[in-house]
Amino acid sequence: PVGKRLDHLPVARPSGPRTFGPALLEVTGLHKGFGGLRVLDGCSFDVKRGSITGLIGPNGSGKTTVFNLVHGLLRADSGTISRPPRLARTYQLTRLFPRLTVRENLLAGARRPEKAMELLEFIGLADYADKLADSLSYGQQKLVELAQVLMLDPDLVLLDEPAGGINPTQIEQMAGLIRQLNSSGTTFLIVEHNMPLVLSLCDEVHVLANGHRIASGTPQEIQRDPLVLDAYLGADFRE
Ligand code: ADP
């Protein structure tokens, strides 16, 4: 544990900022409550085309609710979401069909079946095509879930804790795949608690606390922002 410091962590692309297209996702003034609980309270942010954008914040700050609203699983009480037509997401805990094979999981709802083996090659799991999904390790299942999402040829991919519950080697592999996909044009919005990964991967980071955005910036800016450290009061950043 490193305590409340982020400024020693390596940040994305030290060679300099990249340039991005206009917003691919634009969220404006979102409000959402559950019963008496106000979860989102005027949340606004955007994701620029071609970027890897992070959405971070303490537990309960509303990140998953944002994902559910953007993905259309929930309806906002007010506010607007302008999203691209082809959008796909992963879940915090993988949602593969456990008793279908890896290949069958990819083919469910597929537009281009021939793409399945290509993607299994890409994630390094071609040899596992005919194994049942629940016979794979959790890290492998997360990679399969990434491949499953890519079957949809999405413009924008929402990743809910891609590094959650997997080991450092698998995290490196996941990060490498995300970078590669991004280089070939896929835009990412990533909810992630692993701060070293967020800082080393993202072009821009939005920070949520108490249902709205308290800070946005490059990893360099975020890691020096006292508001961000305050929002995480009591939390330790994992190295
Ligand atoms: P985060 O992903 O940042 O941890 P969430 O969006 O999961 O935050 O949750 C924010 C708050 O909303 C939490 O207090 C959570 O208990 C509450 N919440 C989320 N979904 C529901 C729901 N369907 N019904 C009631 N409360 C919910």
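Bear in mind these aren't lab numbers, they're just calculated from the coordinates by the rules spelled out. Here the structure is a predicted model, which means the values were calculated and not measured. Here the Cβ is made from the backbone with ideal geometry for all residues, glycine too, and neighbour counts use every protein chain on show.
Data for the structure
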quantity	calculated
Fraction of the pair-distance distribution of the stretch 1-124 above 21 Å, Cα-Cα pairs, percent	60 percent
Mean residue ellipticity (222 nm) of the chain, computed from DSSP H runs ≥ 4 via -39,500 (n - 2.57), nearest 500	-8000 deg cm²/dmol
DSSP-assigned coil residues among trypsin sites (Lys or Arg not before Pro) in the stretch 139-239, each with at most 12 further Cβ atoms within 10 Å	Arg224, Arg238
Members of Lys48/Lys142; Lys48/Lys115; Lys63/Lys131 lying beyond 29 Å, as alpha-carbon distances in this model show	Lys63/Lys131
Relative contact order computed over the chain (Cα-Cα under 8 Å; 6+ residues apart), in percent	32 percent
Acute angle (nearest 10 degrees) that the helix 138-150 long axis makes with the longest principal axis of the chain, alpha-carbon atoms	90 degrees
J(HN,Hα) series, the stretch 82-91, from Karplus relation 6.51 cos²θ - 1.76 cosθ + 1.60, nearest Hz, glycine and proline x	10, 10, x, x, 9, 10, 9, 9, 10, 10
Neighbour cut-off at most 12 other Cβ (10 Å), DSSP loop, GluC sites (Glu not before Pro), the stretch 81-127	Glu114
Percent of beta bridges antiparallel (DSSP, the stretch 93-239, rounded to nearest 5)	55 percent
Quotient of C-alpha Rg and 2.2 N^0.38 Å, computed over the chain	1.00
Table column - 3J(HN,Hα) (Hz), the stretch 34-48, Karplus curve with 6.51, -1.76, 1.60, x for Gly and Pro	10, x, x, 8, 8, 9, 10, 9, x, 8, 9, 5, 9, 10, 7
Acute angle (nearest 10 degrees) that the helix 168-183 long axis makes with the longest principal axis of the chain, alpha-carbon atoms	90 degrees
Gain upon complete extension [Asp127, Leu227; 0.36 nm per residue less C-alpha separation]	31.3 nm
FRET efficiency, 1/(1 + (r/R0)^6) with R0 35 Å, evaluated for Arg112 and Arg49 via beta carbons	0.95
